[in-house]
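Take a look at the structure below.
The values are calculated or read from the model by the stated rules, or taken from the named source; none is laboratory data. This one's a predicted model, so the numbers in the text were calculated from it and none came from an experiment. Positions of Cβ are backbone-derived with ideal geometry, glycine not excepted, and every protein chain shown enters the neighbour counts.
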Amino acid sequence: MGSAGGSKAVANLEPTKGNNARGTVTFTQQGDHVRVNAQLSGLKPGAEHGFHVHEKGDCSSGDGMSAGGHFNPGGKSHGAQAGDHHAGDMPNLKADASGNATASFELRGVSVEGASGVDGKGLIVHRDPDDYKSQPAGNAGPRVACAVIRKA
């Protein structure tokens, strides 16, 4: 989708005010999809957390709201990867008993660079799981970590 294979971007998540979530997420172009690898800590133990690419690469507000809404260049409804969804909608993260989470999955409909590119966008981890139904954002609660995705 407009990017040569192998392009890579990295996001270094930092906690929003009053939270402890942090981690590193890589986005690697692999043909027509992007491979996402995430390692996080400081999450609520045993809980699921909404995880989205947001439209603005801005984490200047203490609550992560400066990152705007979900990245949605196609103007679609919010939803799970299997159906119609925002380009920035990703699977929930599941924290273990120590509050750590790792994830590896493919995203379709985005690229590292270009019109559908994640480079320069925001990355948000939410306190609660995404229900993949509520519009426009899945009822995932406050933002507990924020990062700007940058091409590596």
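How many residues does region 17-39 contain that are in contact with a Leu (Cβ under 9 Å, 6 or more places away or on another chain) and closer than 13 Å to PHE105 by Cβ?
7
Inspect all residues belonging to region 46-59 and state whether any of them is buried (at least 18 other Cβ atoms within 10 Å of the Cβ), over 18 Å from CYS146 (Cα atoms), touching a residue at least 40 places away in the same chain (Cβ under 8 Å) and not hydrophobic (A, V, I, L, M, F, W, C).
No, region 46-59 contains no residue that is buried (at least 18 other Cβ atoms within 10 Å of the Cβ), over 18 Å from CYS146 (Cα atoms), touching a residue at least 40 places away in the same chain (Cβ under 8 Å) and not hydrophobic (A, V, I, L, M, F, W, C).
Go through (1) exposed (fewer than 15 other Cβ atoms within 10 Å of the Cβ); (2) of a type outside the set (Val, Ile, Thr); (3) in contact with an Asp or Glu (Cβ under 6 Å, 6 or more places away or on another chain) for PHE105 and report which single condition fails.
Unmet for PHE105, out of (1) exposed (fewer than 15 other Cβ atoms within 10 Å of the Cβ); (2) of a type outside the set (Val, Ile, Thr); (3) in contact with an Asp or Glu (Cβ under 6 Å, 6 or more places away or on another chain): (3).
Find the residue count for region 56-86, including only residues that are part of a loop (DSSP other than H, G, I, E, B) and more than 13 Å from PRO136 (Cα to Cα).
14
Out of all the residues in region 83-91, is one or more touching a residue at least 24 places away in the same chain (Cβ under 8 Å), surrounded by fewer than 21 Cβ atoms within 10 Å (Cβ to Cβ) and closer than 13 Å to GLY50 by Cβ?
yes
If you check every pair at least six apart or on different chains, which have Cβ atoms under 6 Å apart with a residue in region 131-152 that is at positive phi first and a residue that is outside any strand (DSSP E or B) and among the aliphatic types (A, V, I, L, M) second?
These pairs meet every condition: TYR132/ALA80.
Taking only region 130-147 into account, find how many residues are modelled with pLDDT under 95 and not charged (D, E, K, R).
Total satisfying the criteria: 9.
Can you pull out every residue in region 107-152 that is over 12 Å from the mean Cα position of the chain (by Cα), assigned to a strand (DSSP E or B) and under 15 Å from THR26 (Cβ atoms)?
SER111, GLY117, ARG150, LYS151
Pairs please, first residue from region 12-29 and free of Cβ contacts under 8 Å to residues at least 40 places away in the same chain and more than 17 Å from PRO142 (Cβ to Cβ), second anywhere and of a type outside the set (Ser, Thr, Tyr) and in a strand (DSSP E or B), Cβ atoms under 6 Å, 6+ apart in sequence or on different chains.
So the pair list comes out as THR24/ASN12; THR24/GLN39.
Considering only residues of region 108-125 that are crowded, with 23+ Cβ neighbours inside 10 Å and aliphatic (A, V, I, L, M), which is nearest to GLY46 (Cα to Cα)?
Within region 108-125, the match that is nearest to GLY46 (Cα to Cα) is VAL125.
State all residues of region 33-54 that are among the hydrophobic types (A, V, I, L, M, F, W, C) and in contact with a Lys or Arg (Cβ under 6 Å, 6 or more places away or on another chain); if no residue qualifies, say none.
Once the filter is applied, which keeps residues that are among the hydrophobic types (A, V, I, L, M, F, W, C) and in contact with a Lys or Arg (Cβ under 6 Å, 6 or more places away or on another chain), region 33-54 yields only VAL53.
Do the conditions hold for SER77, that is, is it of a type in the set (Gly, Ala, Ser), in contact with a Ser or Thr (Cβ under 9 Å, 6 or more places away or on another chain) and surrounded by fewer than 19 Cβ atoms within 10 Å (Cβ to Cβ)?
no
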